[in-house]
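What follows is a short report on a single structure.
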Amino acid sequence: GDSVTQMEGPVTLSEEAFLTINCTYTATGYPSLFWYVQYPGEGLQLLLKATKADDKGSNKGFEATYRKETTSFHLEKGSVQVSDSAVYFCALDRDDKIIFGKGTRLHILP
Amino acid sequence: DGGITQSPKYLFRKEGQNVTLSCEQNLNHDAMYWYRQDPGQGLRLIYYSQIVNDFQKGDIAEGYSVSREKKESFPLTVTSAQKNPTAFYLCASSMGLPSGANVLTFGAGSRLTVL
């Protein structure tokens, strides 16, 4: 079945470091891909999305490109801030369901 | 402001008791979902509903029940048959199919602890 695999955390970086969180997927066809973020004690929020191959989603300095050839949707940010500390989830949509990865916890040190 | 309201935020239950978690949305979304979140396991789909008076089981529906009598409401009952109910429960909604990329809006969650 369809699935999403993310790099395990936690990931700890210093402020202003470059961030990459890897995400790969298994799916038939061409699902839409998403990154959601969850801040402590809250629900998830959509961070960015891409609906077709080679699309780049971007928001708040984060970017991810839909790579059909490598079935990947890696999340990147050039310079992280302490406020980016959260759990990040990669996801895909399949018909009427959204399938999530297990999440990657990110800690940014000042 | 439009959004999803979950209540209660924290709930304690004794073993053998049923509890109902409330989820209300004023986004006029057609589709609603319940997820369970456990440490290290991400989000797992319990039930979802694309239209009023219809719902489908997700990956871990055993021990749970739902209803969808109104478009804006999708309550989840955790029954005594659920063997390990302590978890963080998240409700979400979306415009549903065939609106394109199925973007979810989440509530703030309800944390259930079984004593």
Å² of accessible area per residue within the protein assembly as shown, as computed with a 1.4 Å probe and no ligands counted: 48 Å²
Expressed as a whole number, the average count of other chain Cβ atoms within 10 Å around the Cβ atoms of A:36-44 is 5
Using the Karplus curve 6.51 cos²θ - 1.76 cosθ + 1.60 with θ = phi - 60°, work out ³J(HN,Hα) for each residue of the stretch A:60-72 in order, rounded to whole Hz, and write x for Gly and Pro. 6, x, 8, 9, 8, 10, 6, 10, 5, 5, 10, 6, 10
Tell me, what is the 1.4 Å probe accessible area of A:S3, in Å² to the nearest 10? 40 Å²
Return the average number of partner chain Cβ atoms within 10 angstrom of each residue Cβ along peptide A:92-98. 6
Once you have a ≥ b ≥ c as the square roots of the Cα gyration tensor eigenvalues for chain B, tell me rounded if a/c is under 1.5, and otherwise prolate or oblate according to whether a/b is larger than b/c. prolate
What ratio of Cα Rg to 2.2 N^0.38 Å holds for the stretch A:15-102? 1.06
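Counting Lys +1, Arg +1, Asp -1, Glu -1, what net charge surrounds A:Q81 among other residues with beta carbon under 11 Å of its beta carbon? The partial results should precede the final answer.
Working: positive: A:K60, A:K77; negative: A:E15, A:E16, A:D84.
Once positives and negatives cancel, what remains is -1.
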Under 18 Å Cα-Cα from B:K83, which aspartates and glutamates qualify once same-chain neighbours fewer than 8 residues away are excluded? B:E15, B:D38, B:D59, B:E62
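Report the accessible surface area buried between chains A and B, summing both sides, using a 1.4 Å probe on protein heavy atoms only, in Å² rounded to the nearest 100.
Values: alone 6070 and 6360 Å², together 10850 Å².
Approximately 1600 Å², summed over both chains.
Counting pairs of alpha carbon atoms under 8 Å apart in space and at least six apart in sequence, what relative contact order in percent does chain B give? Spell out each step's value before the answer.
Numbers: 294 pairs, mean separation 39.9, N = 115.
Worked out over chain B, it gives 35 percent.
Averaged across B:51-60, how many Cβ atoms of other chains sit within 10 Å of each residue's Cβ atom?
Details: counts 0, 0, 0, 0, 0, 2, 0, 1, 3, 0.
Mean shielding count: 1.
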Given Cβ point charges of +1 (Lys, Arg) and -1 (Asp, Glu) and nothing else, what value in debye, to the nearest 20, does the dipole of chain B about its Cα centre take? 320 debye
Ratio of Rg to Rh over the protein assembly as shown (Cα coordinates, Kirkwood Rh, two decimals): 0.97
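Count the net charge of all other residues whose Cβ sits under 13 Å from the Cβ of A:R94, scoring Lys and Arg as +1 and Asp and Glu as -1.
Numbers: positive: A:K97; negative: A:D2, A:D93, A:D95, A:D96, B:D59.
Result for the local shell: -4.
Packing-wise, with mean Cβ within 10 Å as the measure, how do A:27-39, B:68-80, A:88-100 rank, highest first? Let's see the in-between values first.
On the way: A:27-39: 19.1, B:68-80: 17.2, A:88-100: 21.8.
The densest-packed peptide leads the list: A:88-100, A:27-39, B:68-80.
Taking the DSSP beta bridges in the protein assembly as shown as the whole, what percent of them are antiparallel, to the nearest 5?
Numbers: 69 of 77 bridges.
Approximately 90 percent, going by the DSSP bridge assignments.
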Can you flag which of A:K77/B:K9; A:K52/B:K9; B:K14/B:K57 are past 27 Å Cα-Cα? A:K77/B:K9; A:K52/B:K9
Test of understanding: express the Cα radius of gyration of the stretch B:54-115 as a ratio to 2.2 N^0.38 Å, with N the residue count. 1.26
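The values are calculated or read from the model by the stated rules, or taken from the named source; none is laboratory data. Predicted model, so just to flag it, every value in this text is computed and none were measured. Neighbour counts are summed over all protein chains in view; Cβ atoms, including those assigned to glycine, are modelled from backbone coordinates with ideal geometry. All accessible areas refer to the heavy atoms of the entire protein, side chains included, with ligands and DNA or RNA removed. Shrake-Rupley method; radii C 1.70, N 1.55, O 1.52, S 1.80 Å.
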